[in-house]
Amino acid sequence: MQPAINKELILQILYLAACVLFILGLKALSSPKSARRGMNMAALGMLLAVIGTLFHREIITYEWIIAGFIIGSLVGGAMAIFMPMTAMPQRIALSHAFGALAAVLVGIVELHRELSHVAATGGQIPHGLMGAVGFEVLFGSLTVTGSFMAFGKLQELITGTPITYRFQNVTNIAMFVGTFLIFVFLTVMPDTAATVPLFYLMIVAGLAIGVLMVMPIGGADMPVVISLLNSYAGLAAAATGFVIHNNVLIVAGALDGASGFFLSVLMSRAMNRSFANVLFGAVGAVKAETAAAVEGRTVIRYTPEDAISTMEDAASIIIIPGYGMAVAQAQHIVQELSELLTERGTKVRFAIHPVAGRMPGHMNVLLAEADVPYDQLLEMDHINNDFPNTDVVLVVGANDVVNPAARYKKDSPLFGMPILDADKARTVVILKRSLKPGFAGEDNELFYDPKTMMVFGDAKATLTTMVQLLKK
Ligand code: NAP
């Protein structure tokens, strides 16, 4: 057998194994119990795909590949080491920007390679190839700048407040339609004198669309945008796969494209917002001013001592973590408290709302990091009926996900969003720093409920005091 055939066979086997691992990995990611395994499988799949590609018969020398490998590993390693878990959404945004940039660069190279081939042979650029390259660079370029914008907003390098102006949606849609028409023109007539200038115009327009598209979206809506950009980056990668005849890119890109899109839709639905509202609604700004709505009502300020003495007497406690737990990095101390209470015979469980925090699975990731046993984590549908029989609910930096306004207040952005029924428990202990509203900007009547004990302060500091008191 020829060595070249062996190489091709090895490559195809590795690609097939990679595709299977990607699919199994995605499946395993759908449950917190198997998520870690899913990540490992997907990472192994990616390693096999990279190794497989090294067997590609068109590779003549390995210098550039080794250079790319070293640079990529350094950048990826630095991101993993220096960016904390709370910065996970922006880390993902950066990865998408790099992936999409790679797709755009491959698209540019492939067009020029094809142009040289056409010039040498006198043939024509195939419509299919131009379509795939055009699709790749169009979606790739808007993903590059869109992802950088999302990164900037989340990292607070640029304002997280929606930037809006008159006729913004109309301008954006017109710009996209115009750019899409260039793409259609190039695909239908790939061999005109205007091909190269139009191709670069399409890239520049794509880069501008990425900026304009993300500008009016509030910082807190960025996770939905990021998963949508994830979908675009996947589609660009799949198109790259068609251009360079790479099966693993087609499969991985299609999986990425579909899963990113579904995730965006599911996130919007869990926030009770339409997908269009997230993209064009210009909401999600920091609306701290709405806290003014509290005037006329009073809350009683309790101490950590008060809270712990109530909890010591409780037979059952449900802990509800929210975005504030992530901010305070209180997951380890909350686990310690849960362990101490469990040792004393209290039934302790965690109730996880699907959109608690700022990204899907945010609370699961943090609590898994703190080694909270999976059987103590209960999803909303599985625990909501238990609240009326629960002695104490401990709300750790959550707000919107326990706001009763979601049930009845029709003009609230939360209206219709399913919530955790914390208000139905016998006593509610809320740990937060102030009376400020959460992400949706909606005042929370639960703070003023006579059965609620508000313990103000950083969640980690308060929980640390509570743990010390319990240990005494
Ligand atoms: P939330 O409604 O945003 O409330 C978080 C609360 O944490 C705030 O009210 C804040 O109050 C408190 N907090 C912040 N830092 C704290 C600290 N160091 N110690 C103690 N408390 C602290 O959070 P949530 O209840 O988790 O709800 C999530 C919201 O985000 C929902 O509206 C959801 O739709 C939205 N969202 C979620 C996702 C997702 O994928 N999970 C994506 C986009 C948007 P103080 O400032 O008074 O402390």
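The values are calculated or read from the model by the stated rules, or taken from the named source; none is laboratory data. Keep in mind that this is a model prediction, so the values were computed, not measured. Note: ideal-geometry Cβ built from the backbone for every residue, glycine included; neighbour counts use all protein chains shown. Ligands, DNA and RNA are excluded from the accessible area calculation, which covers all protein heavy atoms including side chains. Shrake-Rupley method; radii C 1.70, N 1.55, O 1.52, S 1.80 Å.
Carbon and sulfur atoms: what percent of the 1.4 Å accessible area of the range 24-65 do they account for? Working shown, then result.
Numbers: 2180 of 3090 Å².
Carbon plus sulfur share of accessible area: 70 percent.
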Once exposed loop chymotrypsin sites (Phe, Trp or Tyr not before Pro) are cut out (DSSP; at most 11 other Cβ, 10 Å), longest piece of the chain
168-472
Along the positive direction of the dipole of the chain (beta-carbon charges: Lys, Arg +1; Asp, Glu -1; about the Cα centre), which of Ala405, Ser274, Leu54 reaches farthest?
Ala405
Could you do me a favour and compute the accessible area per residue for the range 352-472, 1.4 Å probe, result in Å²?
40
Using Cα pairs closer than 8 Å and at least 6 residues apart in sequence, work out the relative contact order for the range 376-441, in percent.
40
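For the chain, list the DSSP H helices whose alpha carbon atoms reach 15 Å or more along the long axis and whose average Kyte-Doolittle value is -0.5 or above?
Values: long enough: 3-28 (37 Å, 1.53); 32-54 (34 Å, 0.70); 63-82 (28 Å, 1.83); 88-121 (49 Å, 0.83); 127-154 (40 Å, 1.09); 168-188 (30 Å, 1.68); 195-214 (29 Å, 2.34); 222-243 (31 Å, 1.49); 247-270 (34 Å, 1.33); 331-343 (18 Å, -0.16); 459-471 (18 Å, 0.59).
Helices meeting the criterion: 3-28, 32-54, 63-82, 88-121, 127-154, 168-188, 195-214, 222-243, 247-270, 331-343, 459-471.
When Lys and Arg each count +1 and Asp and Glu each count -1, what net charge do the other residues less than 11 Å away from Val428, Cβ to Cβ, add up to? Can you show the working numbers first?
On the way: positive: Lys424, Arg426, Lys451; negative: Asp391, Asp421, Asp423, Asp449.
Neighbourhood net charge equals -1.
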Ranked from highest to lowest mean number of other Cβ atoms within 10 Å per residue, what is the order of the peptides 427-436, 385-394?
427-436, 385-394
The range 332-472: D in µm²/s via Stokes-Einstein (Kirkwood Rh, Cα pairs, 37 °C, 0.692 mPa s)?
210
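Hey, what number do you get for the chain at 222 nm if only DSSP H runs of n ≥ 4 count, each worth -39500 (n - 2.57), divided across all residues, to the nearest 500? Please list the in-between numbers first.
Working: 17 runs with 281 residues, N = 472.
Using -39500 (n - 2.57) per qualifying helix, the result is -20000 deg cm²/dmol.
Note down the magnitude of the dipole of the range 350-472 about its Cα centre, charges +1 on Lys and Arg C-beta and -1 on Asp and Glu C-beta and zero elsewhere, to the nearest 20 debye. Mind showing how you got there, number by number?
Details: 13 positive and 16 negative charges, 93 e Å.
I would put it at about 440 debye.
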Rg and Dmax [Cα atoms of the chain; Å; Rg one decimal, Dmax integer]:
25.9, 87
Leu47 versus Arg407: modelled label distance in nm, points set 7 Å from Cα along the beta carbon direction:
5.1
Tally Lys/Arg at +1 and Asp/Glu at -1 over every other residue whose Cβ is under 12 Å from the Cβ of Glu336; what's the total?
-1
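In debye, nearest 20, what is the charge dipole magnitude of the chain about its Cα centre with +1 on Lys and Arg Cβ and -1 on Asp and Glu Cβ, if you could check?
On the way: 31 positive and 35 negative charges, 27 e Å.
The calculated dipole for the chain is roughly 120 debye.
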Cross-link partners of Lys451 among lysines (Cα-Cα below 28 Å; sequence separation of 8 or more within a chain):
Lys287, Lys347, Lys409, Lys410, Lys424, Lys432, Lys436, Lys460, Lys471, Lys472
Provide the per residue accessible area, probe 1.4 Å, for the range 186-265, rounded to a whole number of square angstrom.
34
Given points 7 Å out from each Cα along the Cα-Cβ axis, report the Ala87 to Glu343 separation in nanometres with one decimal.
3.5
Heavy atoms only, probe 1.4 Å: what % of the accessible area of the range 85-222 goes to carbon and sulfur, would you let me know?
75
Accessible surface ranking that places the most exposed of His117, His112 first, with a 1.4 angstrom probe:
His117, His112
